């Protein structure tokens, strides 16, 4: 089951740089682990913004929320989720 | 070069059904042609809406506009385009 | 899997009354069928609006979209869908 | 009398962790007490957000405000309230 | 129980004048009946708009919805409802 | 002359509690003085929010601004003002 | 007493040209009469829009509403009204 | 003096095709005349929309409004105007 | 050339009172100097807000930006600028 | 390939002045370097705002993002990007 997930990152300027860098490194590792597992299907940077457009593949709403809320940068992100369905004109089945 | 393209379809109720059906059929054919050519990379239905979330692969802004404006339903769609770039944590190159 | 579904109905004044009444009758029947099946878990009227707040129980995004897009009034509704997950403080499991 | 209540939690990063944890613990206890009493009828997590969708059952606007404003996290929440009424197609009476 | 009710009237220009005038006359009569009964507590015109700000006194959400949806101009109004509670600084009890 | 006045209170968490409590006490006193004088005609709490819906009776825009800007919590409030006029269907003159 | 009044004109394309022209002519006459009386203090065109920015001088909210609602184009305008007060730095008294 | 001008075209579907085509042809001619005169400095299509982003060079607000309101498609466009000034980091003087 | 200028002041609570008072005093002096020169044509307080509605008379966009950006409170203001033109119904030339 | 880029600068008041000044100086240098290279085609100040309207000429979305995200003030800017295409009425090819 696919979901469009849009994440906007807002790390407060009061967070010290070492902590922020550590969080970003962990975020990258977890992101790549989820990508390799096929859960985080697509990940793109929005041009000009500290934001991404992603497509997740989750078995349920609960699994999706567990993945998102476990991200190291989760407390600093505004996330919107759009559920996606098979489009009748799509040549690929989802 | 990838672009997130979100299309909302608003066919006016004054359009006669035969014309609308013909436009939808042509739209589907053109959409599938572009998908087979790899230009219309992804196409999903937004749950509960006559709308789609798409990812296009275009060589330029001009090529993208030509593809979108040539769609049979183009006069009846609100379209927003978000340019996408390589994300540093993505394991796949775009 | 639960989803908050908010539907706003906008029947155009140009639709003749007999057609509108027939659509509303079919809508009611399909709605009650889905409620009896446990798919349309909750259905409330928003005070002062031709709108409802609903909770759907669907096995997948696709099933939810099929239910919503099959509603007789679907062409005349603006629908927003919010995926819901288990809340850690909820005493009931979803 | 039912109300859709949507709560968005924004705990400031300046609040020390011990205080925040204590508030969250008290919030959970009060929430579960209200759920057991049948006042907080439904409680779901919004996927990807530190937010919930709830349905409250209150005898009056005043009772609802007293319950909401007594929540330990109340000073850190943006809350919107939508009054709900019986829907003519609902098979259950509210 | 008090509710702030804001009504914006949008009578379509396609409605013939006689029908519109009849609806407005019935609206006025029903409005004044509800005012005399103490249900429609306050009614003011918004300066410069075909809109009103009202305060309703209803025993329940259901009673409020029944009053609003029975108004002759209801199909042509956008209505928002804000539930009100006793303010701790108010010298009058509601 | 009546005005709908909507006040949203946002006391910054950095304000020390003693100062905030003193301001709230003064606010209540000034509010009740204005209510007794008939200037602050109505005062209600918005359910679920640190906000109020009020109706002021002022002789002029200047008098209204002087009353609002003299409130102890004025620096911490977002205020919107809607001028009200006699409604042709109102049974009471304003 | 001064008010900033912003008017956006939306004459429906279904209105026949003769009627529209007659309304515009009457609107101009009434506007100029109010300007000569000192009630419509300022009238400017918003660049690029069928809209104006105006300043009205009215003795009361009721007088302002009577002037605005008597304008021939009133049924086709969206109007917003902002009450103005003396500014402490203004060298002119209003 | 430069202005960012953004135009969104909304030709109603009820306008007959011959009239619309004639208007578009005249619009193109007037646009190109203004471009050749250096008044319409830049003209670009917004990808995916019947809209343009333009930069106008006008001697005054009045001249700009006269140019815009004389465009054949003016009655069918939503236009926003942003006044531009010399940027201290720009290497070109405007 | 006239411009509607709307300024919303947001002085951060972290700014010490002496600095803020000095800035406000300088702002008042510069404002009154510009008013005496005929550049700041009108200045009104928005009722209930730390905001003003102003009309500026500037020879160019650049002159307007220089005046606004030189205001002592400029770093703490949100400013919107609307270019104004002669209205065909105005009895006064601008 | 052209893009409309709108940048709003929000330097937090907690950033010390020396750091802010250094960043602004570097920003100016990088901006002028990109302008000389023809990449930053246009740069204008929005009147009354710490914001600019720019037109960038980039070979790809990735190149545009690399230029924008390398700007010294990038962490303090809200940036929106609108892809532009050749307009059929433009006399200049882009």
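Using a cutoff of 8 angstrom between alpha carbon atoms and counting only pairs six or more residues apart, the relative contact order for chain E works out to 48 percent.
In chain J, the beta-carbon sitting nearest the axis that superposes J on I belongs to the residue given here with its distance in angstrom, J:14, 7.
Against chain G, whose longest principal axis is taken from its Cα atoms, helix G:17-36 shows a tilt of about 20°.
Averaging Cα coordinates gives a centre for segment C:20-44 and one for segment A:1-77; these two points are 38 Å apart.
Residues E:41, C:45, ranked from the fewest to the most other C-beta atoms within 10 Å, line up as E:41, C:45.
For residue F:29 and residue C:69, a Förster radius of 60 Å and the Cβ-Cβ distance give a FRET efficiency of 0.55, rounded to the nearest 0.05. Arranged from fewest to most other beta-carbon atoms within 10 Å of their beta carbon, H:73, D:15, A:43 become D:15, H:73, A:43. Placing dummy labels 7 Å off each Cα toward the beta-carbon, the span from residue B:91 to residue H:37 is 6.1 nm. Once the cut-off is 39 Å, how many percent of the Cα-Cα pairs in the protein assembly as shown end up in the long-distance tail? Beyond 39 Å sits 51 percent of the P(r) for the protein assembly as shown.
Note on residue I:15 and residue J:60: with the Förster distance fixed at 35 Å, the Cβ-Cβ geometry gives a FRET efficiency of about 0.20.
Ordered by the count of other Cβ atoms within 10 Å of each Cβ, fewest first, E:21, D:42 give E:21, D:42. Peptide G:73-82 has a mean of 4 when you count, residue by residue, the C-beta atoms of other protein chains within 10 Å of its C-beta. For the peptide H:49-58, the mean number of other protein chain Cβ atoms found within 10 angstrom of a residue's Cβ is 4.
For segment C:2-83, the normalised intensity computed at q = 0.13 Å⁻¹ comes to -0.39 (log10 of I(q)/I(0), Debye sum over alpha carbons, equal scatterers, no solvent). Computed per residue of chain C from DSSP H runs no shorter than four, each worth -39500 (n - 2.57), the mean residue ellipticity at 222 nm is -10000 deg cm²/dmol.
All of the numbers you see were taken from the coordinates with simple rules; none came from a lab. None of these values were measured; they are calculated from a predicted model. Backbone-built Cβ (ideal geometry, glycine too); neighbour counts: all protein chains shown.
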